[in-house]
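Remarks on the structure that follows.
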Amino acid sequence: MHTANFHPLDVEAIRQDFPIFAGEQPLAFLDSAASAQTPQPVVAAMDTYYDTYRSNIHRGVYRISEEATAQYERAREKVAKLINAPNARQIVFTRNTTEAINLVAYSWGSATIGKDDEIVLTVMEHHSNLVPWQILAQRTGATLRFVEITDEGLLNFAHLRELLTEKTKLVAVTHVSNVLGTVNPLQSIIDAAHAVGAKVVVDAAQSVPHFRVDVQQLNCDFLAFSGHKMCGPTGIGVLYGKLPLLEEMPPFLGGGSMIRTVERDVSTYADVPAKFEAGTPSIAEAIGLGHAADYITQAGLEAIHVHTQQLLQHAHHRLKETQGITLYGPEPHQKAGVLSFNVAGIHPHDIAGILDMHGIAIRAGHHCAQPLMQKLDVIATARASFYLYNTLEDVERLYDGLRKAQKLMHRRSHSR
Ligand code: PLP
């Protein structure tokens, strides 16, 4: 992980870029896995668009529209560089990970999947990498198969191998579980899927913000992620695809910008990626995403990973030594960014509510992963997640807050 030009994060300097941390009540924001904070340079880039060259793209034959088009396309190049895509045309802007996966399910899926085909998923998928495949399976008669997890919360790779057959047309898998934090052995999964002729969709919503993801090295067919989890704005996400696949796929949505010619009864379509970007896109948000890619690259993805691992390890050990706390997922070195837990006798929503009174923001619920909750035999978990602006002090505040929650609930149950 440590490379010749590795620089540890200057967390104090980074925090200066996030005005939310300068508020009167100190905020321990431990919910970046849901949506990360947005640094000033990203907001400033979007403000500059609104203040100085606000206009639609790809159509205007005037200066500010040309500037907007250039900035939008520059953002595409920055995103391509972030994941080492060979060509910026392979970056399709969507609203978020969910829309990117739906795009593949509707476009590639409808054209490719038939009733005898199988789609392999895992039990740790977020609903956004599950429901689109359920809808596709219902429409086509295809069958969904699920890879189980081990007791430690790791993907059961032997089970994956059993499920992969010549019937498998697609493996759709998360890179990092948003509940367990498990980092899946993506390279091996992709190689095994390709060996039976299946394509692979990677849900990279929780990995691209945290460490270097190289689509050429991985050789994945599709990869999806969201801007808002990597210091970018909401309303912008990315679908990466292999060029021949994107070129063959029918359009997802029809309308302006995605056409070449339109007659009364028939149209021809624009080249990739415009073919998949119908209507006016999220222009400011795409520009913001490009700057977010710059921001995390300049901070250093290796440095972000090392830093968040330190916080994760510290939190893991602190919570593990506390009586009444159950941790979910594997050991810290096998996961990234998130730590799920439950506190005996306290509903996760109450934990989150009590922590909030102390200025600590965590998430509680099923985390859009209900099949995984069923597997873990819980209705919900509490989840703390860590990013480049978090500190060891945030982790200590979490620990103190949980101890206070335990004492409060203990007092309440004894006063009844
Ligand atoms: N996949 C994973 C692993 C996630 O954690 C999330 C968001 O929490 C998503 C997909 C969906 O992301 P979005 O809501 O931005 O589409």
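The values are calculated or read from the model by the stated rules, or taken from the named source; none is laboratory data. Since this is a predicted model, take the numbers as computed values, not measurements. In this analysis, Cβ positions are derived from the backbone assuming ideal geometry, glycine residues included, and neighbour counts consider all displayed protein chains.
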For residues that are within 16 Å of ILE14 (Cβ to Cβ) and hydroxyl-bearing (Ser, Thr, Tyr), tally how many sit in segment 29-43. 2
Unmet criterion (only one of (1) assigned to a helix (DSSP H, G or I); (2) closer than 30 Å to ILE283 by Cβ; (3) more than 16 Å from the ligand (Cβ to nearest atom)) for ILE101: (3)
Can you find a residue in segment 154-171 that is within 15 Å of the ligand (Cβ to nearest atom), buried (at least 23 other Cβ atoms within 10 Å of the Cβ) and either under 22 Å from VAL338 (Cβ atoms) or in contact (Cβ under 8 Å) with a residue 60 or more places away in the chain (or both)? yes
I need every pair where a residue in segment 118-132 that is more than 10 Å from SER177 (Cα to Cα) has its Cβ under 9 Å from the Cβ of a residue that is charged (D, E, K, R) and within 10 Å of the ligand (Cβ to nearest atom), sequence separation at least 6 or different chains. SER128/GLU99; SER128/ASP203; ASN129/ASP203
Looking at this structure, is GLY235 small (Gly, Ala, Ser), assigned to a loop (DSSP other than H, G, I, E, B) and either away from the ligand (no atom under 16 Å from the Cβ) or touching a His at 6+ places or on another chain (Cβ under 7 Å) (or both)? no
Residues of segment 17-49 that turn out to be farther than 21 Å from GLY237 by Cβ and not in a loop (DSSP other than H, G, I, E, B), as a count: 10
Considering only residues that are among the charged types (D, E, K, R) and either at positive phi or crowded, with 17+ Cβ neighbours inside 10 Å (or both), which ones fall in segment 346-368? ARG363
Testing TRP133 on (1) modelled with pLDDT of 95 or more; (2) away from the ligand (no atom under 16 Å from the Cβ), one condition comes back false. Which one is that? (2)
Of the candidates ILE149, ILE190, the one satisfying the condition of being more than 16 Å from the ligand (Cβ to nearest atom), of a type in the set (A, V, I, L, M) and modelled with pLDDT of 95 or more is ILE190
Has segment 220-229 got at least one residue that is crowded, with 23+ Cβ neighbours inside 10 Å and polar (S, T, N, Q)? yes
Among the numbered criteria (1) more than 23 Å from PRO330 (Cβ to Cβ); (2) of a type in the set (Ser, Thr, Tyr); (3) within 16 Å of the ligand (Cβ to nearest atom), which single criterion is violated by SER207? (1)
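Let's see how each residue does on (1) within 16 Å of the ligand (Cβ to nearest atom); (2) more than 23 Å from the chain's Cα centre (by Cα); (3) closer than 27 Å to GLY365 by Cβ; (4) among the hydroxyl-bearing types (Ser, Thr, Tyr):
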residue	(1), (2), (3), (4)
LEU180	yes, no, yes, no
LEU186	yes, no, yes, no
HIS194	no, yes, no, no
VAL200	yes, no, no, no
Output the residue which, of all residues in segment 104-118 that are more than 21 Å from PHE276 (Cβ to Cβ) and buried (at least 16 other Cβ atoms within 10 Å of the Cβ), is farthest from the ligand (Cβ to nearest atom). ASP117
Boolean, VAL213 is more than 12 Å from the ligand (Cβ to nearest atom), modelled with pLDDT of 95 or more and of a type outside the set (Phe, Trp, Tyr): yes
Neighbours by Cβ (under 6 Å, 6+ apart or cross-chain): first from segment 215-230, more than 23 Å from TYR295 (Cβ to Cβ) and touching a residue at least 40 places away in the same chain (Cβ under 8 Å); second more than 16 Å from the ligand (Cβ to nearest atom) and part of a strand (DSSP E or B): PHE222/GLY241
Residue in segment 90-97 that is over 30 Å from ASP356 (Cβ atoms), at pLDDT 95 or above and in a helix (DSSP H, G or I) present: yes
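Each row is one residue, and each column tells you yes or no for (1) of a type in the set (A, V, I, L, M); (2) under 17 Å from SER226 (Cα atoms); (3) in contact (Cβ under 8 Å) with a residue 12 or more places away in the chain; (4) part of a helix (DSSP H, G or I).
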position: ALA284; (1), (2), (3), (4): yes, yes, yes, yes
position: ILE296; (1), (2), (3), (4): yes, yes, yes, yes
position: ALA303; (1), (2), (3), (4): yes, no, yes, yes
position: THR326; (1), (2), (3), (4): no, no, yes, no
What do you reckon, is ARG139 at pLDDT 95 or above, away from the ligand (no atom under 16 Å from the Cβ) and within 15 Å of ASN184 (Cα to Cα)? no
Failed item in (1) closer than 30 Å to PHE18 by Cα; (2) of a type in the set (Phe, Trp, Tyr); (3) away from the ligand (no atom under 16 Å from the Cβ), with TYR269 passing the rest: (1)
